[in-house]
Amino acid sequence: MRFRRRLICSLLAASICCTPALSGCSSKEESSFAQNEAGAKDQTDSEDTDGAKEDPVNLGEFSLEDINGEAYTQEMFAEYDLTMVNVFATWCSPCVKEIPDLEKLHQEMGERGVNVAGIVLDTVDGSGKKDEEGVEKAKLLAEKTGASYPFLIPDEGNLNGIISGVSAVPTTFFVDKEGNIVGEIYTGARSFQDWKSIVEGVMNEVGK
């Protein structure tokens, strides 16, 4: 639980530290998933810093729907060595621009055990309920960009709290086949070649 809070704080810090070269959009005014920065910092400062090795963060059990109503659980990770989870919003231009590159990655690296999944923040409203207008926008976006990987709708628990700290989009992280978060957390859109290099690095890290 302690490391899970640290991860959420890391997500928040990564989201805040955007650079012009890695385009992203602030979601503080558009999404209900932004955390209070001061509160996150207070949590980090109060944590034990004894240097002990932490267990990896596991996403745990969850149940999500994609924009087409198909159900997804934690078992979605078991079929792949690595899953790239891209948290984005339909109103974010850099997010939209990189989707064709993520689809290319999905197609080219699928045979190597790599999957891609999107989580669309604006498919839920401020109370965490499904926003039908947002879902329709996501469907149109998937059609326009040719994305075949799933666009998932956040659940009321924000994926067991993991995406609660996302205050800028796109934010991307990686999950192994056991559901553990591995590698670094990335904020900002990147090219296909950049993502391919990052994915290969994470694959090496997990021994694949």
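Okay, here's what the table says:
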item	result
Integer Hz, Karplus 6.51/-1.76/1.60 couplings in order for the range 90-107, x for Gly and Pro	5, 8, 8, 4, x, 4, 5, 5, 8, 4, x, 5, 5, 5, 4, 4, 4, 6
Rg/Rh ratio calculated on Cα atoms of the range 87-133 (Kirkwood radius)	1.09
17 Å tail of the calculated P(r), the range 89-208, as % of Cα pairs	57 percent
Whole-number Å³ per residue for the convex hull built on Cα positions in the range 65-155	87 Å³
Between the range 160-208 and the range 92-133, the Cα center-to-center distance that results, in Å	13 Å
Per-selection metrics, the range 54-95 (Cα): Rg and Dmax in Å	13.2, 37
Cα-only radius of gyration and Dmax that characterise the range 106-176, units Å	13.2, 39
Probe 1.4 Å, protein heavy atoms only - accessible area per residue of the range 52-96 in square angstrom	48 Å²
Spin-label pair R112/K177, simplified geometry with 7 Å Cα→Cβ offset, distance in nm	1.7 nm
Cα-centred dipole magnitude for the range 68-208, charges only on beta-carbon of K, R (+1) and D, E (-1), debye, nearest 20	300 debye
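The values are calculated or read from the model by the stated rules, or taken from the named source; none is laboratory data. Keep in mind that this is a model prediction, so the values were computed, not measured. A quick note on method: Cβ atoms are made from the backbone with ideal geometry, for glycine too, and the neighbour counts reach across all protein chains shown. With ligands, DNA and RNA removed, areas are computed over all heavy atoms of the protein, side chains included. Shrake-Rupley method; radii C 1.70, N 1.55, O 1.52, S 1.80 Å.
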